[in-house]
Every structure is written in structure tokens, then in C-alpha cells.
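**Q** Before I ask anything, here is the structure I am working with.
Rule-based calculations on the coordinates, nothing more; no lab input. Everything numeric in this text was worked out from a predicted model, so none of it was measured. Positions of Cβ are backbone-derived with ideal geometry, glycine not excepted, and every protein chain shown enters the neighbour counts.
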Amino acid sequence: MELNNGADETTLSTQLRAALPAPTLPAGFRSRLLTRMATAEDPAQARMALEQDWQKAQAALRRQSVNLRWQTLLWLLGGAFAAGALTVAIMPWVAEHYGAHWARWVPMAVAGFGLLASWVGDPRLRRYLGHINFFGA
Amino acid sequence: MTVESLSADESILALRAQDRLDDALVRLLDSYEARVYRLCRAFLRDPTWAEDVAQQSLIRIWKGLPGFDGRSALSTWIYTIVRNRCNTALRSRREGDAADDVLAELADEQSLDPASSDTAQHMARLVDGLPEKYRLPVVLYYFEDESVSAVAERLGWPEGTVKTNLSRARAELHARLKAMGLGEWTLWN
């Protein structure tokens, strides 16, 4: 459908011009935009920051793991040395007072107590010991 | 050649390339913020929503500017980003809201009072009721100083399509006015 004549066209244009004035920018538009720009998070930068955090956490975990292994090794060495020293120190006294029979059974009993305590305290050791068949097939 | 002697678009890109970021941003906003806002208003109608999407668009434009490859005009690239943002915003609006809007528009159209002195408001409501392919060029045409080329650039349409749709939109408006018994322009003046 076409407009009937030029007068209609002109009148319609006038009405439309009055009905659709160009909107002006809201007051404070730019200052709000600049604030938003300053705080807007760039996805690429955010991803990079997350990756850096993750790598730092991984490095810290690796360091802690190595430290723990060293600590465990040192505890084992120290414990073995202390146990040896104690044995050397008290075995002659045990043998002298209770006989050679007790000199064999006391270290075995202590070692057995140690294994039992570890078995109770450490599920991994409990698992490993559970696989060992002490009495054969 | 100094930056001052370049066109607005060229100076934005030159300043950005020279790492004069503050100057480039000011030039970008001076040239485009109002146009971007008007385009968002044409698409979204609601002033608050339009401001939000216009700001999102400008932030995206600013952050994406280093990656602008110059295969199109800067303005074309900018308006494409804005249109995409507006369309995404429109799509993300819930179906229920959209249905409510349509019902509200229909109610508005049916309640038009020819005796009312606020003819501009009536006309704006009628334009709002047009199909999008007619509404957008009409609204932008009057937002952009009645320039067909500006409308074509904002919408990314050929100028011929804009002219055709403008003409059909006017005819449609006239038909709707007649159907409502408002065909006589004297009623409106």
C-alpha cells in the first residue's frame, strides 16, 4: 500500500520527526563507562592470572612433597640409628640380668609393637602388610 | 603526517598504535559513544538497558581494538559489534517478558485516543508496533538526522534495502492509522 499523495507523506514525516527525537546520552554516561572499564575483567587476563596461580600452587605442592620425603628419610635414618644405639646400650644389660633368651625376644617384641602401632596408625602400611602372606600358601 | 590531520577513525587507530591510550580512548568515545547509544536505543528501546548494552559494547570495542585488522572500515566493525551485543541481549531476555511486552503494545495501540493532544506519543507507539525490519530503519532514520546512508551503515544493510523498508514502513503506518480511523491528518494537528 502506498501513501496517497505528497501531503500525506509530508505530514507523516512531520509526525514521525516529532515522535522519534534522537535520544541524547544519559548524564554521567562517560564517567560510568570509564569506571566500568577500569573495573571490567578481561577474560584473557583473568585466565592468565588463574593459570599463574595454579602453577604457583603446583610448585608449592611439589616443594612440600620433596620436603616431606626428606623429612621422612631423615626420621627413618634417625630412628634406625637411635634403635641401634639403644640396642647396643641395653642388650648387654638385659642379657646380664635376664639371660640370653630375653636378649633375643625383647628386640623382636619391640619391633613387633612398632609394626603393630604403624599398622594401626597408617592405612597404607596396613594395606601392604595385608598383602603379605606370613604363613605361606 | 600528524594525528590531527587524520580522519577520526584513522586517528583512533594511530593513537592506539602509538600507545597513547588515553588520547585514543577519548577520541573513540567522542566519535562513537553517542552513535553507539542511539543504535542500542533503536534496538532495545529501554534507556537503562540501552545504556548498559552500549557500555558493554564500548568496552568490548576498546579491548578488541588492538586486534582490529582493517579489513573493513572501523565504523563497520564497531556497528557489527554493537548489533551483535544488542541481538544477544534481546535473545537473552526471557520469553515471558517478550510476550508481556507484545501484549502491552497491543493494549497501547487499542487504547489510542484520537482526541489526545499527545500525538507524538501515539505515533511512537505505532512505530513500536511495526515489524522489526520496518521499525529499526524508521527509528534510526529519525535518530540519525534522516540520513539513509547512516541508517544503512548502522544496520549493515544496502542503502536500497533501507529505502525500500522505509517506504513500506510509512505505508504500513498509514494503513494502521486508517484502520484505526485516524487516517485524516487533521485529527492529529
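**Q** Residue separation times 0.36 nm, minus the C-alpha to C-alpha distance between A:ALA80 and A:TRP93: what's the value?
**A** Full extension from A:ALA80 to A:TRP93 adds 2.7 nm.
**Q** Given a Förster distance of 41 angstrom, what is the FRET efficiency for B:GLU146 paired with B:ASP19, based on the Cβ-Cβ distance and rounded to 0.05?
**A** Efficiency, rounded to the nearest 0.05: 0.55.
**Q** Quick one: grab Rg to one decimal and Dmax as a whole number for segment B:3-93, Cα atoms only, in Å.
**A** 13.4, 44
**Q** Take A:VAL106 and B:SER7, extend 7 Å from each Cα along the Cα→Cβ direction, and tell me the distance between the two endpoints in nm.
**A** 10.1 nm
**Q** Now, a different point. Any idea how far apart A:LEU115 and A:ALA59 come out in nm if each label point goes 7 Å out from Cα toward Cβ?
**A** Distance between label points: 4.5 nm.
**Q** In whole Hz and in residue order, list the ³J(HN,Hα) couplings for segment A:61-78 that follow from phi through the Karplus curve 6.51 cos²θ - 1.76 cosθ + 1.60, θ = phi - 60°; x for Gly and Pro.
**A** Using θ = phi - 60°, the values come out as 5, 4, 4, 4, 5, 5, 4, 5, 5, 4, 4, 4, 4, 5, 4, 5, 4, x Hz.
**Q** Moving to a separate point now. Show which lysines lie in cross-link reach of B:LYS163 when reach means a straight Cα distance below 26 angstrom and same-chain residues fewer than eight apart are skipped.
**A** B:LYS133, B:LYS178
**Q** For a Förster distance of 56 Å, can you work out the FRET efficiency between the beta-carbons of A:THR10 and A:LEU50, rounded to the nearest 0.05?
**A** 0.35
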